[in-house]
Each structure stands twice: as structure tokens, then as C-alpha cells.
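Comments concern the structure below.
No value in this document is a laboratory result; all are computed from the given coordinates. Nothing here was measured: the structure is a model prediction, and the numbers come from that model. Don't worry about glycine lacking a Cβ; one is built from the backbone with ideal geometry, like all the others, and counts go over all protein chains shown.
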Amino acid sequence: MNNSVTNTARLLWAGLRALLVLTLVTGVIYPLVVTGIAQAAFHDKANGSEIRSQGKVVGSSLIGQQGYRLDYFQGRPAGGLGSNSINTRYKLILSGATNLAADNKVLIQQVKDAKAAVVKDNSVPGYTVKASQVPADAVTSSGSGLDPDISPAYAELQVHRVAAKNDLSVAQVEKLVKDHTSGRTLGFVGEPRVNVLELNIALKELTKGS
């Protein structure tokens, strides 16, 4: 009987020591090491790819934003499709694709309406946008509905409107777009892109200095 109790106590103590050691290694030491490496080697990514403006965090380079005024560049439609290319609605709880087939009549009509809105909103005196100029990302959402980037073609389509709204020259705004256009990752992955938030922050700085 005594041997049984002794063996049980010894096993329990061994199990407790193993629990304490594993808790220390996997619950404390390992997370600290991984966090330290991440902060040292990938500080920006480890902290959410934050974008700062005037010393404040204004967003993430990985998530699109809502509510840009017409004097700023617009992102992709959100929540499947916004009501048009300008009035996008980025709500995390509603993020996602439309799940509508390419030949779905509802989707086709939404795209037509969005294209008409893009043409209307971006046509200014002396410059008229043609329907054939409107790229796909101007009228459709991404799979998440929260794409932070637009294509260079969509950014360029908005140049004349942004220039007119901010009393800037077209050349100034075109240069801004060019300076904030990123190429393919590693030179061959994905497509060239423009981060809308970063572009709008640069635009705000430009308008302050003009």
C-alpha cells in the first residue's frame, strides 16, 4: 500500500515538473524568442504593417480604408461591391467577395452601374473618361473586399479629377502616382500596384506644400 502511494506521488511529481518545464519553454521562452526575432528582423510586419502620418498611426498597408473624399484617390469597392466606385464601404465584419457568378445578372448590372459612376465621377472639364478606360479593379472588389491596392491604370484614370479638385497640375499628380507604384514582388509575382492610403498621404503632403 505504501509503495503504491509512494509510486503515485512520484509519478505526480514527475508529471508536475514536466508540466512546469514545458510551460516555461513553450509558454514563455519560445514566445519571447520568436517575438524578439520578429521585432528585430521584421519590425514593420510584426507590428501590423502600420502606416504613420504626422506621427500617428493612420492605418495598415494591408487593409483598405473607407470614406475618401472626391479630392482623394479612391480604392476598390468593398463588401462585394460598393454602391459605386466612390462611395465604398469598408466594414471588416462584412468583408468578403460577392460569391456571384460572372454571368449573374445582378453582378453584371452592378458592374455596369459602377462603371458609369467611375466615368461620371472622374470626368472633368477638358478630360472625359471613356468606358473602355475603366479597369476591372475599379468596379469589382477583391476576394476579401478590403484590398489596400489599386492598379496603376485605375490610379492614372483618377489623376485628372484629383488634380482638378486640389488645384494641382496633371503632371504633379501623375508623378505622385508613378512614385508610389510598386512593381511585381520579386520581379515576377503578382501585378504592379498602388497603395491607396500611402498615395493619399503623399497627396495630402503635396497639397500642403503647394
message = For the chain, take the longest principal axis of its alpha carbons; what is the angle in degrees between that and the long axis of helix 170-179, to the nearest 10 within 0 to 90?
response = 20 degrees
task = Quote the relative contact order of segment 50-209 in percent (integer), defining contacts as alpha-carbon pairs under 8 Å separated by 6+ residues.
result = 25 percent
remark   = the chain, Kirkwood Rh and Cα Rg, ratio Rg/Rh at 1.26
query = Can you give the alpha-carbon Rg of segment 2-44 over 2.2 N^0.38 Å, where N counts its residues?
reply = 1.94
inquiry  = If I build a Gaussian network model for the chain, linking alpha-carbon pairs within less than 10 angstrom, which residue out of V129, V106, V159 has the largest mean-square fluctuation?
reply    = V106
task = Before rounding to the nearest 500, sum -39500 (n - 2.57) across all DSSP H runs of length at least 4 in the chain and divide by the residue total; then give [θ] at 222 nm in deg cm²/dmol.
result = -14000 deg cm²/dmol
key: Candidates Q66, Q172, Q74: whichever shows maximal mean-square fluctuation once the chain is modelled as a Gaussian network with Cα springs under 10 Å   = Q172
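Would you work out the relative contact order for segment 126-210, in percent, from Cα pairs under 8 angstrom that are 6 or more residues apart? Intermediate results must be reported in sequence, preceding the final value.
Details: 75 pairs, mean separation 23.6, N = 85.
It rounds to 28 percent for segment 126-210.
Only sites in a loop by DSSP and with at most 12 other Cβ atoms within 10 Å count here; which trypsin sites (Lys or Arg not before Pro) in segment 126-176 make the cut? Each step should come with its number before you reach the end.
Numbers: sites: K130, R161, K165, K175; in loops: K130.
Listed in order of number, the matching sites are K130.
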ask   = Using a Gaussian network model of the chain with C-alpha springs under 10 Å, which one of N122, N104, N195 is most mobile by mean-square fluctuation?
value = N104
The chain: angle of helix 196-209 to the longest principal axis, Cα-based, in degrees nearest 10 = 60 degrees
ask   = Using just the C-alpha positions of segment 99-182 as equal point scatterers, what log10 of I(q)/I(0) does the Debye formula give at each q in 0.20 1/Å?
value = -0.97
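Please list, by residue number, every one of the chymotrypsin sites (Phe, Trp or Tyr not before Pro) in segment 126-210 that is coil in DSSP and has at most 16 other beta-carbon atoms within 10 Å.
Numbers: sites: Y127, Y154, F188; in loops: F188.
Hits after loop and neighbour filter: F188.
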